[in-house]
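Student: My questions will all concern the structure given below.
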Amino acid sequence: MRECHGRDTDLHEASSEYLLEVRGLSTEFVVQEGIVRAVDDVSFYVRRSEVVGMVGETGCGKSVTVNSVMRLILPPGRIVGGEVRLGDRDLMRLSEAEMRSVRGREIAMIFQKPMSSLNPVFTLGSQLVDVIRLHRSVSEEEARRIAIDSLKAVALGNAEGLLPRYPFELSGGQQQRAMIAMALSCGSRLLIADEPTTALDVSVQLQILKLIRQIMDDTNMSTLVISHDMGVIGCVCDRVYVMYASRIVEHGPTETIIENPRHPYVIGLIRSIPAFVKTESRLAQIPGEVPNPLDPPSGCRFHPRCEYAIPACRTMKPDLRDVGPEHATACLRADEIPRKDESARTHPADRQGRSTK
């Protein structure tokens, strides 16, 4: 186990190895002031048995992206373009009834606030059994057995004794483990974890991250982890996509992104995180503010905050282009930007003695 440590150019190659492929996804919201393009031509993929991260500031479009994948966008929101392929099916073309069978059974999702996902008036056991029987043809007794086994799989002690308890009788960490157990109980091929540690105490966050990684290694379930915290992504993910202002600006293997970021926004992001900077080095600060989603900058959306910006950055939208093995960035000047911060970023795993997957 690993300790806590745009458009893809190869999206169409060897497609059989991809469980999830998202191509050109765009989602917008009609508000009184105008139209907000919350997800703008986003493409990414998740391989089978792979853990992928998606990271960015609050409001960059991460959660809207995964809710679009699950087709959970409600008015005034609308998905206006793109494909979402799970295996050989485009989820955008399924009926709502067909999509309901995908949710939970083939794609499971856990949310950042487990208390809001569990019904407070039903016991944990009744909710687990109902979900299992909805997606699997089993008796109530068999569903109960599966529920107990799933709770044990997420390291919840006295699993059988937890079934008659209500969500409010569980701690935040126990609730999140129960949500992971619910995802496991249906045999889903893909788990989407949207900010899975945000509402938890710091002492519990690492436990949940290690649990997710261990389960993924044991079950070969593919996982997409959404977070605003690069430290979380560095702990658990094999690859990472970085979003800024509704677009993917860089993606690649997690260690490559941490050690050799090529987009100015990602460079600034890495330099601002204590876990990735030597203790004697000062943390960097990204100047400026996140752009107004109603009126985003033309060209590269990061150019008003970028120290490397040139006039072309104000008018040309940079496409993702390869800068290394499985590493792509959307920056016109990626080849001119210093590749390595000699003030020494360190991977958090290196501080704790990482073992590879």
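The values are calculated or read from the model by the stated rules, or taken from the named source; none is laboratory data. Quantities reported herein were computed from a predicted structural model and do not represent experimental measurements. Every residue, glycine among them, receives a Cβ derived from its backbone with ideal geometry; neighbour counts consider all protein chains shown.
Student: Would you be able to tell me the number of residues in segment 304-331 that are surrounded by 18 or more Cβ atoms within 10 Å (Cβ to Cβ), of a type in the set (A, V, I, L, M, F, W, C) and in contact with a Gly (Cβ under 6 Å, 6 or more places away or on another chain)?
Tutor: 3
Student: Then there is this: Which one is nearest to the chain's Cα centre (by Cα), of the residues in segment 161-196 that are acidic (Asp, Glu) and on the phi < 0 side of the Ramachandran plot? Before you say what the answer is, go through the steps one by one.
Tutor: Initial filter on segment 161-196 (acidic (Asp, Glu)): 169, 194-195.
Applying the additional criterion that residues be on the phi < 0 side of the Ramachandran plot yields 169, 194.
Numbers: Glu169: 29, Asp194: 6 Å.
Of everything passing the filter in segment 161-196, Asp194 is nearest to the chain's Cα centre (by Cα).
Student: At positive phi, in contact with a strand residue (DSSP E or B) (Cβ under 8 Å, 6 or more places away or on another chain) and surrounded by fewer than 18 Cβ atoms within 10 Å (Cβ to Cβ) - does that describe any residue in segment 117-125?
Tutor: Initial filter on segment 117-125 (at positive phi): none.
No.
Student: Note down all Cβ pairs under 6 Å where the first residue falls in segment 59-86 and is farther than 8 Å from Leu25 by Cα, the second is assigned to a loop (DSSP other than H, G, I, E, B) and modelled with pLDDT under 95, and they're at least six residues apart or on different chains.
Tutor: Lys62/Gly56
Student: Scan segment 177-190 and give yes if some residue there is crowded, with 22+ Cβ neighbours inside 10 Å, out of contact with any strand residue (DSSP E or B) (no Cβ under 9 Å at 6 or more places or on another chain) and over 30 Å from Thr65 (Cβ atoms), otherwise no.
Tutor: No: zero hits.
Student: Follow-up. Going through Ser63, Ser68, Ser101 one at a time, which residue ends up being of a type in the set (S, T, N, Q) and surrounded by fewer than 16 Cβ atoms within 10 Å (Cβ to Cβ)?
Tutor: Values: Ser63 fails: surrounded by fewer than 16 Cβ atoms within 10 Å (Cβ to Cβ); Ser68 fails: surrounded by fewer than 16 Cβ atoms within 10 Å (Cβ to Cβ).
Answer to the selection: Ser101.
Student: Looking at (1) under 22 Å from Arg100 (Cβ atoms); (2) among the hydrophobic types (A, V, I, L, M, F, W, C); (3) at pLDDT 90 or above; (4) surrounded by fewer than 16 Cβ atoms within 10 Å (Cβ to Cβ), find the lone condition where Ile146 falls short.
Tutor: The single condition Ile146 does not satisfy is (4).
Student: Follow-up. If only one of Val204, Val240 is among the aliphatic types (A, V, I, L, M), within 20 Å of the chain's Cα centre (by Cα) and either closer than 21 Å to Thr65 by Cα or surrounded by fewer than 17 Cβ atoms within 10 Å (Cβ to Cβ) (or both), which one is it? Full working, then the answer.
Tutor: On the way: Val204 fails: either closer than 21 Å to Thr65 by Cα or surrounded by fewer than 17 Cβ atoms within 10 Å (Cβ to Cβ) (or both).
Sole residue among the options that is among the aliphatic types (A, V, I, L, M), within 20 Å of the chain's Cα centre (by Cα) and either closer than 21 Å to Thr65 by Cα or surrounded by fewer than 17 Cβ atoms within 10 Å (Cβ to Cβ) (or both): Val240.
Student: Might you let me know whether segment 100-117 holds any residue that is farther than 27 Å from Ala181 by Cα and hydroxyl-bearing (Ser, Thr, Tyr)? Can you show your working first?
Tutor: To start, the set of residues in segment 100-117 that are farther than 27 Å from Ala181 by Cα comprises none.
For segment 100-117, residues farther than 27 Å from Ala181 by Cα and hydroxyl-bearing (Ser, Thr, Tyr): absent.
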